[in-house]
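Chemist: The structure is given below, and queries will be raised subsequently.
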Amino acid sequence: MRAAAGLAIAVAGALLAGCGASQDTGAPIRRVDTARPSFSEPTVIDNPLFPVSPGGQTLQLGTEEGEPLRVEVTTLPRTRTITWDGRRIDAVVSQYVAYRSGRVVEVALDYYAQDDDGGVWYLGEDVDNYERGVVADHEGSWLAGRDGPGGLIMPAQPRPGDVFRPENIPDLVFEEVTIQDAAVTVDGPRGLVDGAVATEEHLMDGTVEHKVFAPGYGEFRAETSDELVQVAVAVPADAAAGAVPAVLTQLAGGAARVYDDAGAGLAVGASVDAMTSAWRDRPDDTAPPALAAALDDALGRLSGAGDPTAVRQAAVDTATAVLDLTLPYRPPAEVDGARLDLVARQLAIDTETGDVAGQRSDAVAIAALRDRGAATR
């Protein structure tokens with residue numbers, strides 16, 4: 001996102017010049033982010049298409065350049081005061097953590113505020129980009145007031161043809177978004193979700209990204225030429241009443257037992273078979289589809305693993321998939337506490353195999369979990 005500003009200007013000009021209508025919808029193109037926003041209660045962000053809920057957490061799954069991509073987005077229990085345009089604005093802090101093939105590639109803190117009309121504004125982000133477990137750069141970092149203006153990231157009532165710039169700082173960051181459709185239906189983790197919004201986003205480096213924002217979820221799907229990621233589960237949107245299903249408790253215990261037994265050189269075949277049968281014969285099939293598919297895949301790898309190290313790695317992956325399925329039933333901080341235990345097991349594997357980059361990535365993951373208030377036992 002550090003391409004030349006000239007490209008950004010050219011992109012913006014192309015979007016706003018000419019016939020003045022969206023080529024996809026025929027709707028008139030109009031900038032909706034030029035008025036000065038007022039912020040009376042900026043930390044109450046209840047815009048249905050971009051909710052930032054206290055205690056909220058979203059898990060997105062997908063691929064990037066052919067590798068598995070996992071994104072965890074968590075609202076942190078703190079705010080940050082940002083001075084922009086002569087005003088001190090309290091912003092909600094959201095933590096973004098991206099894993100590629102199981103290793104941390106980005107940790108960012110994003111700052112959001114809602115204006116008095118219900119529009120959500122993006123007031124900056126602090127970004128750490130990682131390579132082999134070490135900070136490579138901070139590309140994409142910016143802050144409203146210090147570097148330039150804040151940007152509208154979701155209007156209160158988006159309409160086809162609406163244009164706005166969540167990021168708009170020359171030589172640093174630029175994004176221009178056009179609403180293409182405001183009546184989309186998406187297949188959510190718990191069923192169909194109406195009233196979603198489809199957008200086209202042009203970035204400073206020339207990338208074109210298509211996104212869908214869904215009520216109760218916010219950013220639901222994002223797609224570029226080499227990346228596709230979509231919400232697998234989110235709370236509070238997918239919160240479920242009652243206790244964690246018994247089959248998930250059984251699978252979590254089985255994965256822990258397989259991990260320990262494989263490390264001790266014991267046979268694990270019977271335990272793996274029991275886990276596979278329990279999941280296959282579960283009494284209901286209400287699990288979010290993407291999470292169910294992830295567990296199917298992990299159990300398949302566990303069944304096919306040969307040497308003890310491969311078995312232990314597959315057991316950690318299986319336990320992670322099981323834990324994700326418990327998120328609708330448990331507070332995110334409690335789930336994150338259990339994730340800390342799994343990262344500790346991953347760290348043990350990486351230490352035994354001499355994977356230094358993996359060990360560093362594990363340390364970053366632990367720090368991120370602790371920053372968002374992971375409950376420890």
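Chemist: Return the residues of the range 111-156 that are assigned to a loop (DSSP other than H, G, I, E, B) and more than 14 Å from Ile169 (Cβ to Cβ); say none if nothing qualifies.
Modeler: If the condition is that a residue be assigned to a loop (DSSP other than H, G, I, E, B) and more than 14 Å from Ile169 (Cβ to Cβ), then Asp115, Asp116, Asp117, Gly118, Gly119, Arg132, Gly133, His138, Pro155, Ala156 are the ones that fit.
Residue-by-condition table, conditions (1) among the aliphatic types (A, V, I, L, M); (2) under 30 Å from Thr286 (Cα atoms):
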site	(1), (2)
Val127	yes, no
Leu143	yes, no
Ile153	yes, no
Gly161	no, no
Thr178	no, no
Pro189	no, yes
Met204	yes, no
His210	no, yes
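Chemist: Quick check: anything in the range 320-331 under 24 Å from the mean Cα position of the chain (by Cα) and modelled with pLDDT under 95?
Modeler: Quick first cut of the range 320-331, residues under 24 Å from the mean Cα position of the chain (by Cα) only: 320-331.
Those left that are additionally modelled with pLDDT under 95: none.
No, that holds for no residue.
Chemist: So Val258 clears everything in (1) at pLDDT 95 or above; (2) within 25 Å of the chain's Cα centre (by Cα) except one condition, right? Which one?
Modeler: Failed condition: (2).
Chemist: Moving to a separate point now. Across the range 348-377, what is the total count of residues that are surrounded by 13 or more Cβ atoms within 10 Å (Cβ to Cβ), modelled with pLDDT under 95 and of a type in the set (D, E, K, R)?
Modeler: Summing the residues that are surrounded by 13 or more Cβ atoms within 10 Å (Cβ to Cβ), modelled with pLDDT under 95 and of a type in the set (D, E, K, R) in the range 348-377 gives 1.
Chemist: Residue pairs, Cβ under 9 Å, 6 or more apart or interchain, first in the range 44-62 and among the charged types (D, E, K, R), second in a strand (DSSP E or B). List them.
Modeler: These pairs meet every condition: Asp46/Gln114.
Chemist: Test Ser277 against the criterion of being surrounded by 14 or more Cβ atoms within 10 Å (Cβ to Cβ) and among the hydroxyl-bearing types (Ser, Thr, Tyr), and give yes or no.
Modeler: Numbers: surrounded by 14 or more Cβ atoms within 10 Å (Cβ to Cβ): no; among the hydroxyl-bearing types (Ser, Thr, Tyr): yes.
For Ser277, the condition - surrounded by 14 or more Cβ atoms within 10 Å (Cβ to Cβ) and among the hydroxyl-bearing types (Ser, Thr, Tyr) - is not met.
Chemist: What do you reckon, is Leu347 in contact with an Asp or Glu (Cβ under 6 Å, 6 or more places away or on another chain) and in the same structural domain as Thr276 (by TED's automatic domain parsing)?
Modeler: Numbers: in contact with an Asp or Glu (Cβ under 6 Å, 6 or more places away or on another chain): yes; in the same structural domain as Thr276 (by TED's automatic domain parsing): yes.
The answer is yes for Leu347.
Chemist: Another one. If you scan the range 205-231, which residues turn out to be buried (at least 20 other Cβ atoms within 10 Å of the Cβ), in contact with a Pro (Cβ under 9 Å, 6 or more places away or on another chain) and not small (Gly, Ala, Ser)?
Modeler: Phe213, Tyr217, Val231, listed by residue number.
Chemist: Considering only the range 292-314, how many residues are out of contact with any Lys or Arg (no Cβ under 8 Å at 6 or more places or on another chain), within 24 Å of Val233 (Cα to Cα) and of a type outside the set (D, E, K, R)?
Modeler: 9
Chemist: How do the pairs read when you match residues in the range 351-362 that are more than 14 Å from Tyr130 (Cβ to Cβ) with residues anywhere that are of a type in the set (S, T, N, Q), using Cβ under 8 Å and keeping only pairs 6 or more apart or on different chains?
Modeler: What qualifies is Thr351/Gln359; Glu352/Thr309; Thr353/Thr309.
Yes or no, residue by residue, for (1) touching an Asp or Glu at 6+ places or on another chain (Cβ under 7 Å); (2) without any contact (Cβ under 8 Å) to a residue 60 or more places away in the chain; (3) among the aromatic types (Phe, Trp, Tyr):
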position: Asp126; (1), (2), (3): no, yes, no
position: Val135; (1), (2), (3): yes, yes, no
position: His138; (1), (2), (3): yes, yes, no
position: Pro155; (1), (2), (3): yes, no, no
position: Ile169; (1), (2), (3): yes, yes, no
position: Ala182; (1), (2), (3): no, yes, no
position: Glu200; (1), (2), (3): no, no, no
position: Leu203; (1), (2), (3): yes, no, no
position: Gly206; (1), (2), (3): no, no, no
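Chemist: Does Arg345 satisfy being closer than 22 Å to Leu248 by Cα, among the charged types (D, E, K, R) and modelled with pLDDT of 95 or more? I'd like the intermediate steps shown before the answer.
Modeler: Numbers: closer than 22 Å to Leu248 by Cα: yes; among the charged types (D, E, K, R): yes; modelled with pLDDT of 95 or more: yes.
Spelling it out, Arg345 is indeed closer than 22 Å to Leu248 by Cα, among the charged types (D, E, K, R) and modelled with pLDDT of 95 or more.
Chemist: Okay, next question. Scan (1) free of Cβ contacts under 8 Å to residues at least 60 places away in the same chain; (2) more than 16 Å from the chain's Cα centre (by Cα); (3) crowded, with 17+ Cβ neighbours inside 10 Å for the single condition Arg70 breaks and write down its number.
Modeler: (2)
Chemist: Taking the range 320-358 only, how many residues are polar (S, T, N, Q) and within 22 Å of Gln95 (Cβ to Cβ)?
Modeler: From the range 320-358, those polar (S, T, N, Q) are 320, 326, 346, 351, 353; that's our starting set.
Filter once more, so that each one left must be within 22 Å of Gln95 (Cβ to Cβ): 320, 326, 346.
Final tally of qualifying residues: 3.
Chemist: Oh, and also: Only one of these conditions is not met by Ala290: (1) within 30 Å of Ala241 (Cβ to Cβ); (2) small (Gly, Ala, Ser); (3) free of Cβ contacts under 8 Å to residues at least 60 places away in the same chain. Which number is it?
Modeler: Among (1) within 30 Å of Ala241 (Cβ to Cβ); (2) small (Gly, Ala, Ser); (3) free of Cβ contacts under 8 Å to residues at least 60 places away in the same chain, the lone unmet condition for Ala290 is (3).
Chemist: Provide a single number: the residues in the range 71-102 that are touching a Leu at 6+ places or on another chain (Cβ under 6 Å) and under 17 Å from Gly148 (Cα atoms).
Modeler: 2
Chemist: Could you list, in sequence order, the residues of the range 147-180 that are of a type in the set (Val, Ile, Thr) and farther than 13 Å from Lys211 by Cβ? I'd like the intermediate steps shown before the answer.
Modeler: To start, the set of residues in the range 147-180 that are of a type in the set (Val, Ile, Thr) comprises 153, 163, 169, 173, 177-179.
Within the range 147-180, Val163, Ile169, Val173 meet the criteria.
Chemist: Being touching a residue at least 12 places away in the same chain (Cβ under 8 Å), among the basic types (Lys, Arg) and touching a strand residue (DSSP E or B) at 6+ places or on another chain (Cβ under 8 Å) is true for just one of Arg190, Arg100. Which residue is that? Walk me through how you get there before you give the answer.
Modeler: Numbers: Arg190 fails: touching a strand residue (DSSP E or B) at 6+ places or on another chain (Cβ under 8 Å).
The match here is Arg100.
Chemist: I would also like to ask the following. State all residues of the range 31-50 that are under 19 Å from Pro160 (Cα atoms) and within 28 Å of the chain's Cα centre (by Cα); if no residue qualifies, say none.
Modeler: Of everything in the range 31-50, those that are under 19 Å from Pro160 (Cα atoms) and within 28 Å of the chain's Cα centre (by Cα) turn out to be Arg31, Val32, Asp33, Asn47, Pro48, Leu49, Phe50.
Chemist: Sticking with this structure for a sec: Please specify each residue of the range 65-86 satisfying the condition of being of a type outside the set (Phe, Trp, Tyr) and farther than 19 Å from Val233 by Cα. Give the derivation first.
Modeler: Restricting attention to the range 65-86, the residues satisfying the condition of being of a type outside the set (Phe, Trp, Tyr) are 65-83, 85-86.
Listed by number, the residues that qualify are Glu65, Gly66, Glu67, Pro77, Arg78, Thr79, Arg80, Thr81, Ile82, Thr83, Asp85, Gly86.
The values are calculated or read from the model by the stated rules, or taken from the named source; none is laboratory data. Model, not experiment: these values are computed from the prediction. Note: ideal-geometry Cβ built from the backbone for every residue, glycine included; neighbour counts use all protein chains shown.
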